[in-house]
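Notes to accompany the following structure.
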Amino acid sequence: ARDHAFITLLKEDATPLLLDFCFNGWGMKFAANKDNLINWNLYQSNLLKGSYTNCRNFILEGGSIESDGKGTMLTTSTCLLAPNRNDVMTREDIELYLKERFNLQQVLWLDHGFLAGDDTDSHIDTLARLCPDNTIVYVQCTDIEDEHYEALFRMEEQLKTFRTIEGEPFRLLPLPMPDAFVEDGKRLPATYANFLIMNRTVLYPTYNQAIYDKEAKRVLMEAFPGYEIVGIDCRALIKQHGSLHCVTMQYPAGTLQEDFELKK
């Protein structure tokens, strides 16, 4: 749902803008023709309120971008510049498009970091997330024998160079790297960065790894003071190569039709 669903903006009068981007199966790795019918059918069914905005001439997945809502967007060059997405556009073209479409002041590009078993070309929501008070939580690998160590170390070093719009460094909080989660001999992209932010609650993925699950909760409690931090067992989801944030898409209050809300 994260990668094909509407991305919603709010106009100054609080009218939702339902942005419908094209999803092409993470760079044409999988068929996506039916995925691309979902948004229009939802809109035609009158389940959602707002202004439909056709962005289908641009390939963009919700998991590939992360915004603080104050003018900064975080993304990865390995995804947005990957073949079979927006090949004819340069990095500068894409950055300008994102700034105009999302009313941004800056786009921060991560050039390092990956997870084994990932189909997305390193979505940002698997690696690093923007949190309140100019904080970034990110996956840290401390095992020098792990295949992720070098790339995640380089990612960490680049994060240290990023600055807020005001020119200040971000507060960086490292999340633990889960032990290797293997299915049929292949490592799956388990990550604690794939959490879902709700109104006063953060749901975060757990993997039946008591020490790391507990440490991830501690870090998120520090990143989200005043929020309830709730773990959700995502072992079934990770076997489908995704996790909690991947399978969800939030909508602002007022986007769902009232009669649909009552039926729920």
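Values in this text are rule-based calculations from the coordinates and carry no lab data. If you're wondering where the values come from, they're calculated on a predicted model, not measured in any experiment. A quick note on method: Cβ atoms are made from the backbone with ideal geometry, for glycine too, and the neighbour counts reach across all protein chains shown.
With both bridge residues required to lie in region 59-191, what share of the DSSP beta bridges run antiparallel, to the nearest 5%? Kindly include the intermediate steps, with their values, before the conclusion.
Working: 11 of 21 bridges.
Close to 50 percent.
For region 166-264, give the share of DSSP beta bridges that are antiparallel, in percent and rounded to the nearest 5; count only bridges with both residues there.
Just about 45 percent of them are antiparallel.
What is region 149-239 by shape, rounded, prolate or oblate, if you read a ≥ b ≥ c off the alpha carbon gyration tensor as root eigenvalues and call it rounded for a/c under 1.5, prolate for a/b larger than b/c, and oblate otherwise? Don't skip to the end; give the middle numbers.
Numbers: a/c = 2.39, a/b = 1.27, b/c = 1.88.
Cα axes put region 149-239 in the oblate bin.
With a Förster radius of 25 Å applied to the beta-carbon distance between Asp13 and Ile38, the computed FRET efficiency rounds to 0.40. For region 14-33 and region 190-243, what is the separation of their C-alpha centers, rounded to whole Å? What the calculation gives is 25 Å, centre to centre. Test of understanding: in a Gaussian network model of the chain with alpha carbons linked when under 10 Å, which of Asn86, Asn199, Asn134 would top the mean-square fluctuation ranking? Comparing Asn86, Asn199, Asn134 in a Gaussian network model of the chain, the most mobile one is Asn199.
Ellipticity at 222 nm from helices only: DSSP H runs of n ≥ 4 in the chain, each -39500 (n - 2.57), divided by the residue count, give -6500 deg cm²/dmol. Label point of Ile232 set 7 angstrom out along Cα-Cβ; within region 175-202, amide nitrogens under 17 Å from it belong to 190-202.
Would you mind computing Rg(Cα) / (2.2 N^0.38 Å) for region 1-97, counting N as its residues? Each step should come with its number before you reach the end.
Numbers: Rg = 13.8 Å, N = 97, 2.2 N^0.38 = 12.5 Å.
Relative to the rule-of-thumb radius for its length, region 1-97 sits at 1.11.
Qualifying GluC sites (Glu not before Pro) in region 1-72, where qualification requires a DSSP coil assignment and no more than 11 other C-beta atoms within 10 Å, comprise Glu12. Given that just one value was derived from the coordinates, which of [x] 14.7; [y] 20.8; [z] 13.7 is mean projected area of the Cα convex hull in nm²? Given [x] 14.7; [y] 20.8; [z] 13.7, the structure-derived one carries the label [x]. Each Lys and Arg adds +1 at its Cβ and each Asp and Glu adds -1 at its Cβ; summed about the Cα centre, the chain shows a dipole of about 620 debye.
Considering only Gln240, Gln140, Gln106, the Gaussian network model of the chain with Cα springs below 10 Å gives its largest mean-square fluctuation to Gln240.
Loop-resident GluC sites (Glu not before Pro) (DSSP state other than H, G, I, E or B) in region 105-161 with no more than 15 further Cβ atoms inside 10 Å of their Cβ: Glu145, Glu147.
By its C-alpha gyration tensor, with a ≥ b ≥ c as the square roots of the eigenvalues, how is region 201-264 shaped: rounded for a/c under 1.5, else prolate for a/b larger than b/c, else oblate?
Values: a/c = 3.04, a/b = 1.57, b/c = 1.94.
In terms of gyration-tensor shape, oblate.
A DSSP coil position with no more than 15 other Cβ atoms inside 10 Å describes the following trypsin sites (Lys or Arg not before Pro) in region 17-103: Lys29, Lys34, Lys70.
Counting DSSP beta bridges with both partners in the chain, what percentage is antiparallel, nearest 5? Numbers along the way, then the final one.
Numbers: 18 of 40 bridges.
Around 45 percent of the beta bridges assigned by DSSP in the chain are antiparallel ones.
Of all lysines in the structure, those lying under 28 Å Cα to Cα from Lys11, and not within fewer than 8 positions of it along the same chain, are Lys49, Lys70, Lys99, Lys263, Lys264.
Considering Cα pairs under 8 angstrom that are at least six residues apart, work out the relative contact order of region 47-119 and quote it in whole percent. For region 47-119, the relative contact order is 32 percent.
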